[in-house]
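The values are calculated or read from the model by the stated rules, or taken from the named source; none is laboratory data. Computed from a prediction, not measured in an experiment: that's the story for all the values here. Ideal geometry is used to build each Cβ from the backbone, glycine not excepted, and the neighbour counts take in all protein chains shown.
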Amino acid sequence: MRKQYSSKQFLKGAMVLTMAALVTKILSAVYRIPFQNIVGDIGFYIYQQVYPFYGIAIALSTYGFPVIISKLVAEKLEEDDEEGAKDVALTSFLFLCIVGLVWFMLIYFGADMIAGWMGDQKLMPLIQVISLSFLLLPPLSALRGYYQGKENMLPTAVSQVAEQSIRVVTILLFSTVLVAQGYSLYTVGNGALFGSITGGIAGIIVLIFFMVLKKEKALTSGIFTLSKDYLSIWKRLLKDGTAICVSAMLLILLQFIDSLNLYALLTSSGMEENLAKKWKGIYDRGQPFVQLGNVVATSISLTIVPLVTSAYMSKKESLVREYSQLSLKISIIIGFAASLGLINLIVPTNTMLFENASGSSVIAVFCISIFFSCLILTFAGIFQGIGSIYYPAGCIIAGVVLKYAGNAILVPAVGTMGASLATISSLAVITLLMVLRLKKIFPIRLIDPSFYKTLFVSGSAMTLVLQGLMLLYGMVLTAGMPEREMAVLFSLGGVLIGGAVFIVVLLRGRVLSQEELSFLPFGSKWVRLMEKIQPILKSR
């Protein structure tokens, strides 16, 4: 007898997990702004140099191993084998103990060498602190995967939100106190990175609470027991878990490359050390912009994967194509609008968030990566939905190699602008590789050319309005008005005005049907807005 789950329960669980992912993504992006305001550009450089290690740990414990464990657990439950499901979780836990320990030892004992690669030996103790987060990988991944396999997404969702919330509070609290007491910025960075430990412990406590609440005693009673088929479980965790992790770590891996060689390349090119640290910190201001721009793309990816998977498993190729086309359309629209809008508003937005407009041109170029990363996340979701998890991982690895080479060639020539150009170039190549592959799978034109024509018109209208606004912004500053206050006014006003112009022109072009709009968050409201706009336009 097979255990069955209702589609209603599945969709409810997917929605809970999607909302948790959105909250954690927003928290992970937004806290960087007050943190940079507290520690300045050099303090931000110090933190961002080491952050990618935590990003890798969080990808492993949230998006990689739990997904594979949940599939293995679900397979056992479909066969009505409750004990087998628990064996899978325990066997996975033991495997992840080995993985976590290996990662910890490599980073902790290799901290001196890694800091040397980065060109800043003072980072060594910070790298050692962040290595501790890999020791929290086994319980976080195994328990999340176990509950997700049982289609109980609440423990995972609550633990993710708790982990990020406690981490953010720790970072802002420690940095505020340590800066006020006059400690060095490296000590402040160490205190901030301790948030990864407090956050991870909070996530584990939440998961244990649910385990006690559900009286899952068997999960602890056989904690050192290996399943009979442990080798096959470990193999799937290693192969499939790694592939999914790589897809989830796209932006983190690119950040990691910048951590490894950007500062070192700047100093080796003749830039003074403190100035190089400052410019690396300014360059890193672009990260929150890209993360916030990707929040919506992430939600689309998380929403579309179950739909594509369901259609693919039912052998409904037309439905797979339809869902894929819709997700790509939405990703292109959001990525294009977010990138173009930020490029137009980058000077006041940079000033509003980070106190001054330093590096605005570098950040503006970097913001183009929002467009490409939105597409890549959606492509990865589609590939995952049709069971092709290795191809996107391979594309991303190729892109990371290209990013490393791009930095080495461009940074000595044009500084941090070279790093921005290397990032968007590598993302463009990854996007192209995925487009070519998807066209082979679906040998048709996925999106009609009229869509791109309307998109171009919408973007042009928005740019025209925002550039007019920026002329007014320059005149206001010339008149002696307070810069940061005016930056807040023009940034937020520009987002509202530019966004409204873009949406009105886009809806006028009918690039999305009412049915397609209904898939969006607040879908019914978008449909009503389109119905209001189009009759007005017709009457003219």
Checking Val168 against (1) in a helix (DSSP H, G or I); (2) modelled with pLDDT of 90 or more; (3) surrounded by fewer than 18 Cβ atoms within 10 Å (Cβ to Cβ), the condition it does not meet: (3)
Index of the failed condition, Val365 passing every other in (1) touching a residue at least 40 places away in the same chain (Cβ under 8 Å); (2) crowded, with 23+ Cβ neighbours inside 10 Å; (3) within 25 Å of Met249 (Cβ to Cβ): (2)
Residue list for region 152-161, filter: out of contact with any Ser or Thr (no Cβ under 7 Å at 6 or more places or on another chain) and surrounded by fewer than 22 Cβ atoms within 10 Å (Cβ to Cβ): Asn152, Leu154, Val158
Within region 53-64, considering residues that are among the aromatic types (Phe, Trp, Tyr) and modelled with pLDDT of 85 or more, the one farthest from Lys25 (Cα to Cα): Phe53
Qualifying residue in region 133-141 (condition: in the same structural domain as Tyr54 (by TED's automatic domain parsing) and closer than 29 Å to Ala264 by Cα): yes
Some residue of region 205-215 being at pLDDT below 90, assigned to a loop (DSSP other than H, G, I, E, B), within 26 Å of Phe95 (Cα to Cα) and not acidic (Asp, Glu): yes
Set Gly145, Gly149, Gly116: member being surrounded by 20 or more Cβ atoms within 10 Å (Cβ to Cβ), over 16 Å from Ala57 (Cβ atoms) and small (Gly, Ala, Ser): Gly149
Selection status of Ser358, without any contact (Cβ under 8 Å) to a residue 24 or more places away in the chain, more than 30 Å from Leu238 (Cβ to Cβ) and either more than 18 Å from the chain's Cα centre (by Cα) or assigned by TED's automatic domain parsing to the domain that holds Pro34 (or both): no
Only one of Leu436, Leu427, Leu496 that is outside the structural domain of Asn37 (by TED's automatic domain parsing) and at pLDDT 95 or above: Leu427
Residues satisfying the stated conditions in region 168-210, i.e. closer than 20 Å to Leu135 by Cβ and hydroxyl-bearing (Ser, Thr, Tyr): Thr170, Ser196, Thr198
Test: Thr463 is in contact with a Leu (Cβ under 7 Å, 6 or more places away or on another chain), modelled with pLDDT of 95 or more and not assigned by TED's automatic domain parsing to the domain that holds Gly341: yes
Residues satisfying the stated conditions in region 445-488, i.e. without any contact (Cβ under 8 Å) to a residue 12 or more places away in the chain, within 20 Å of Ala364 (Cβ to Cβ), exposed (fewer than 15 other Cβ atoms within 10 Å of the Cβ) and not aromatic (Phe, Trp, Tyr): Ser460, Leu464, Gly468, Leu471, Gly474
Yes/no for Val429 being assigned to a helix (DSSP H, G or I) and within 29 Å of Gly241 (Cβ to Cβ): yes
Residue check for Lys453: basic (Lys, Arg), closer than 22 Å to Ser373 by Cα and outside the structural domain of Asp258 (by TED's automatic domain parsing): yes
Residue satisfying condition, being assigned to a helix (DSSP H, G or I) and without any contact (Cβ under 8 Å) to a residue 12 or more places away in the chain, within set Gly394, Gly381: Gly394
Qualifying residue in region 185-196 (condition: among the aromatic types (Phe, Trp, Tyr), modelled with pLDDT of 85 or more and either within 30 Å of Ile69 (Cβ to Cβ) or surrounded by 23 or more Cβ atoms within 10 Å (Cβ to Cβ) (or both)): yes
Any hit, region 434-444, residues being in a loop (DSSP other than H, G, I, E, B), in contact (Cβ under 8 Å) with a residue 12 or more places away in the chain, closer than 18 Å to Lys329 by Cα and not basic (Lys, Arg): yes
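For every residue, the table says whether it meets (1) modelled with pLDDT under 85; (2) of a type in the set (S, T, N, Q).
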residue: Glu75; (1), (2): yes, no
residue: Leu94; (1), (2): no, no
residue: Leu101; (1), (2): no, no
residue: Ala111; (1), (2): no, no
residue: Gly119; (1), (2): no, no
residue: Pro125; (1), (2): no, no
residue: Ser133; (1), (2): no, yes
residue: Ala142; (1), (2): no, no
Residues that are within 27 Å of the chain's Cα centre (by Cα) and free of Cβ contacts under 8 Å to residues at least 24 places away in the same chain, drawn from region 411-433: Gly418, Ala422, Ser425, Leu432
